[in-house]
1. What's the FRET efficiency of D54 with K112 using the Cβ-Cβ distance as r and R₀ = 35 Å, to the nearest 0.05?
2. Using only the Cα atoms, what convex hull volume per residue in Å³ does the range 209-370 have?
3. If you add up the charges near A264, with Lys and Arg at +1 and Asp and Glu at -1, over every other residue whose beta carbon is less than 12 angstrom from its beta carbon, what do you get?
4. Give, as a single signed number, the net charge of other residues whose beta carbon lies under 10 Å from the beta carbon of M225, with Lys and Arg counted +1 and Asp and Glu -1.
5. Can you give the extra length, in nm with one decimal, that the chain gains between Q247 and A36 once fully stretched, where that is 0.36 nm per residue apart less the Cα-Cα distance?
6. Using 1/(1 + (r/R0)^6) with R0 = 25 angstrom and r between the beta carbons of S29 and H150, what's the FRET efficiency to the nearest 0.05?
7. Just to confirm my numbers, what's the Cα centroid distance between the range 110-152 and the range 186-224 in Å?
8. At 222 nm, what value in deg cm²/dmol follows for the chain if DSSP H runs of at least 4 each add -39500 (n - 2.57) and the sum is divided by all its residues, to the nearest 500?
Amino acid sequence: MSLTKEQIIEHATKAGFEDIGFTTAEPFSEHQEVLASRKKSYEWTEAAGAGLFDGTDPKRFLAGAKSIIVVVEPYYRAAFPASMVGKFGRAYQDDDRILKGGFSERFTDLLKYLADNGIESAAPFNMPHRLSAARAGLGDFGKNCFFYSHKLARQSSWVIPLPIIVDQEFAPDEPTVEVGCPEWCKNACIAACPTAALKAPRKMDPRKCIAYLSYYATDLPSPDMRERMGTWVYGCDRCQDVCPRNQPWLAQELPVNENVALKAEHFDLPSLLHMDRAYFESNVWPHMFYTSPDDIWRWHMNAARSMGNSLDTKYVADLGRGLRENADERVRRMCAWALGRLGGAQAKAALEGALERSDGKLRDEVESALAC
Ligand code: SF4
Ligand code: SF4
């Protein structure tokens with residue numbers, strides 16, 4: 001039994017996948033070379049379990065790999081609540097990839113349809129998703145490294161491509177692996193990247209990217225980076241927000257995404273700063289799952305930094321509590337930094353109260369905050 005491209009496209013379209021393309025299962029040799037040439041920038045992602053180098057050869061996941069099917073769907077169909085924008089990457093706010101029903105059910109059904117028709121498949125998370133989609137002719141790249149659809153969401157980057165390796169050969173679509181930016185855009189994304197992670201067209205250093213740091217950092221960001229990371233808690237959309245290619249979609253008046261509006265109350269900054277593991281596992285992790293519950297300190301730390309960079313003094317009491325009570329010194333240090341950034345008499349009192357019970361790095365941080 002086997003399937004034609006048309007049958008797969010028809011089935012995937014009925015399942016709600018809005019664009020579908022096909023490419024070969026050749027290794028992503030150029031990507032391997034890019035990763036090898038920027039080994040220092042990427043080797044830490046291996047330690048974090050992201051396995052980007054392994055992901056460049058489809059045969060590692062499926063010995064009989066012959067083709068890759070790529071499905072693409074938009075993740076930004078409705079507006080996001082104002083309380084979430086600028087703190088959480090839009091790609092994650094309505095992400096139901098690991099929840100029952102929704103996307104995962106549709107995707108599993110597609111894999112089952114392939115299996116029922118004698119096609120073995122694999123869908124590893126560490127494949128180069130965007131490159132697979134461009135190789136399957138579904139879009140191109142921005143200089144900000146994002147994939148831009150040729151068809152969906154007004155040809156913007158607000159889409160997620162998902163590759164599926166299969167053991168049946170299909171005629172590949174014409175690749176569109178190229179930069180599609182207009183000549184007149186003078187690298188607005190690179191200029192707007194607050195941490196200088198975007199260094200040049202299609203060259204990004206993940207060790208400086210707010211998104212990567214928010215999921216995987218092993219320590220506090222350096223003092224120089226904390227203000228630059230702004231109010232982002234998980235992810236960062238800055239280089240997409242400023243892109244003129246995304247403005248046709250951004251300029252629309254869209255209804256608010258009801259799913260996200262319902263969960264927004266669980267994502268207020270004080271709740272994130274003080275949450276325990278049970279709260280995290282039931283309210284946050286199912287939607288934003290790159291950080292393990294064992295590393296909940298990272299969420300606490302990111303919330304504290306976001307509070308400081310909000311310059312909103314309503315957070316002083318919560319930061320004072322975090323400085324007194326959080327079990328992780330990294331979080332207490334960030335609370336001290338955030339109080340220094342907010343300033344004012346109440347923040348100063350909280351820092352002075354902490355000074356006498358602090359030593360080592362925490363004491364240094366409290367003293368620096370008091371000197372602000
Ligand atoms: S996601 Fe944010 S930090 Fe990362 S490259 Fe884009 S603008 Fe820079
Ligand atoms: S901001 Fe300009 S250079 Fe950057 S991705 Fe968008 S169009 Fe391309």
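1. 0.85
2. Hull volume over Cα atoms, normalised by residue count, gives 125 Å³.
3. Net of charged neighbours comes to -2.
4. So the environment of M225 carries a net charge of +2.
5. Working: separation 211, 0.36 × 211 = 75.96 nm, distance 3.44 nm.
Between Q247 and A36, full extension yields 72.5 nm more.
6. Plugging the Cβ-Cβ distance into 1/(1 + (r/R0)^6) gives 0.55.
7. What the calculation gives is 25 Å, centre to centre.
8. Rounded to the nearest 500, the figure is -11000 deg cm²/dmol.
The values are calculated or read from the model by the stated rules, or taken from the named source; none is laboratory data. Since the structure is predicted, the reported quantities are computational estimates derived from the model, not experimental observations. Cβ atoms come from the backbone with ideal geometry, glycine included; neighbour counts cover every protein chain shown. Each accessible area value is taken on the protein alone, full model and side chains, heavy atoms only, with ligands, DNA and RNA left out. Shrake-Rupley method; radii C 1.70, N 1.55, O 1.52, S 1.80 Å.
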